[in-house]
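For reference, the structure is listed below as structure tokens.
The values are calculated or read from the model by the stated rules, or taken from the named source; none is laboratory data. Keep in mind that this is a model prediction, so the values were computed, not measured. FYI the Cβ positions are ideal-geometry reconstructions off the backbone, even for glycines, and counts take in every protein chain you see.
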Amino acid sequence: MKRKREQNGSVFPRCGMWYVRYSDFRVTDGHLKRKRLAKQLALIQGVSKKRARELAKEFLATINKPKLSPETAIKLTEFVESVYFPRIEQRTRPSTLRGYRVMWKQLKPFCENLWIRDIRTKQVQDVLDGLAVLERSREDGETRFNINSLKHLKSFFSGVFRLALQQEYYEGPNPVRETSLPKARGPEDTYAYSLEEILAMIEVVPEPASSVIATAAFTGARRGEIRGMFWENYRDSAIQIARSVWNGHVTDPKSAKSKGAIPIISRLASKLNAYRARQGNPISGPMFPNDAGKPMDLNNLLNRVILPALDVCALCRVSKSDHSKAGHDFKRDPLAPHWRGWHAFRRGLGTNLHRLGVSDKTIQEILRHANVSPTQTFYNKSVSEDAVAAMEKLDLALNDTVVTPLPASPASTASISSLN
């Protein structure tokens, strides 16, 4: 579509600023329409009308001889939802895609009136600054997002414009690149379970939760990788991480380097062997199945079995969820460990190995981080001698760790009986 003539625009002052009024195409409700628009040029103070006309001419050069087709003049929200997400959903892990959608939900209210072709660094900076403003008044004055959350939001935003540049919806450079993160609170502290907390949990929760916790704590596997563990991948005193399961979606592990073997210490091997025997010694299938034989939902296990076993009254040993008829106030057992999340087991393994003097490089190999030694490739299924020695050191430390035993709660006893 070609314009018949070049437009000069109309320069005018308003509220201490010079503006230029012009016409351009916009896609609204799927239809391409020509609209009258206004562009802010400069402050009136120190800028003559002659200079304002020069600025308008520079700006209108991109309108009179556009490099982008009129059909690409759509709102940022429409681009993200109708172009960006459909483009990436086929090549993005389901859990990652969900994270992107959560971030977009936070960004979208700040982007409703932005047209993607007109966005510059100033508009992006305004969005980031807006994200840091309090969503609601708080007595402690905390900002809405911490600094790490803002980093993730900025990275997502940059990815949106990278695709816009690639698909010629935007004429570069990427407007996110030169933005700065606004002042925000620091990241929240993460938690790592100690050996004492781990052993206390294993002792007090019933099966199969006890074996799941032991596996999480002594392999460092991620939650989805635990759900993806199959008996056929467990042999030669090691378990091969071959898949990950998230919300019923079976995918490869987080990265190619994550597809590795983890040494199994004797303490965990004994527990898994006993658990396997109770399951009828299966040779294949999920290690931790649900009633339908599919990989168990670990959050369901957490709410149904683990939390009731940990949150018990110190006086009557009844779970907090069943304590309403106990006849006295609930007082949590101070010796019972608190639940800090599944990932705290992974952090705990790294922390405990570090505490035992294991080198960082060896810990990275065991945890299969993306920056592990390049000698471990996608097809390297073996476990190094250093990794085996490190896990043996953990095994010896477990034998020397003393834990005060907790009385079994009625909820735990009932769970065990139902499972048997």
Can you confirm whether Ile213 is part of a strand (DSSP E or B), among the β-branched types (Val, Ile, Thr) and more than 18 Å from the chain's Cα centre (by Cα)? no
Matching residues in region 235-280 - criterion: being polar (S, T, N, Q) and within 30 Å of Arg91 (Cα to Cα): Gln240, Ser244, Asn247, Thr251, Ser255, Ser258
Examine region 343-354 for a residue that is crowded, with 18+ Cβ neighbours inside 10 Å, within 22 Å of the chain's Cα centre (by Cα) and more than 24 Å from Asp400 (Cα to Cα), and state whether such a residue exists. no
Inspect all residues belonging to region 356-370 and state whether any of them is among the hydroxyl-bearing types (Ser, Thr, Tyr), buried (at least 17 other Cβ atoms within 10 Å of the Cβ) and assigned to a helix (DSSP H, G or I). yes
From the option list Pro173, Pro182, single residue qualifying as without any contact (Cβ under 8 Å) to a residue 40 or more places away in the chain and not assigned by TED's automatic domain parsing to the domain that holds Phe345 is Pro173
When residues of region 6-45 are limited to those that are under 42 Å from the mean Cα position of the chain (by Cα) and of a type in the set (Gly, Ala, Ser), the one modelled with the lowest pLDDT: Gly30
Residue by residue through region 271-315, note down the ones that are in contact with a strand residue (DSSP E or B) (Cβ under 9 Å, 6 or more places away or on another chain) and exposed (fewer than 12 other Cβ atoms within 10 Å of the Cβ). Ser284, Gly293
Residue check: is Arg3 over 41 Å from the mean Cα position of the chain (by Cα), among the basic types (Lys, Arg) and at pLDDT below 90? yes
Total residues in region 189-210, condition in a helix (DSSP H, G or I) and not β-branched (Val, Ile, Thr): 9
For region 148-162, does any single residue satisfy the condition of being modelled with pLDDT under 90, outside the structural domain of Thr62 (by TED's automatic domain parsing), surrounded by fewer than 19 Cβ atoms within 10 Å (Cβ to Cβ) and not acidic (Asp, Glu)? yes
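The rows are residues; the columns are (1) in contact (Cβ under 8 Å) with a residue 40 or more places away in the chain; (2) of a type outside the set (Gly, Ala, Ser); (3) not assigned by TED's automatic domain parsing to the domain that holds Trp342.
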residue: Arg223; (1), (2), (3): yes, yes, no
residue: Arg227; (1), (2), (3): yes, yes, no
residue: Glu232; (1), (2), (3): yes, yes, no
residue: Pro263; (1), (2), (3): yes, yes, no
residue: Asn281; (1), (2), (3): no, yes, no
residue: Pro286; (1), (2), (3): yes, yes, no
residue: Ala292; (1), (2), (3): no, no, no
I'd like to know if region 159-168 contains one or more residues that are without any contact (Cβ under 8 Å) to a residue 40 or more places away in the chain and under 15 Å from Asp129 (Cβ atoms). no
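Every residue, every condition in (1) crowded, with 19+ Cβ neighbours inside 10 Å; (2) under 23 Å from Val102 (Cβ atoms); (3) modelled with pLDDT under 85, yes or no:
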{"site": "Ser137", "(1), (2), (3)": "no, no, yes"}
{"site": "Asp140", "(1), (2), (3)": "no, no, yes"}
{"site": "Thr143", "(1), (2), (3)": "no, yes, yes"}
{"site": "Tyr169", "(1), (2), (3)": "yes, no, no"}
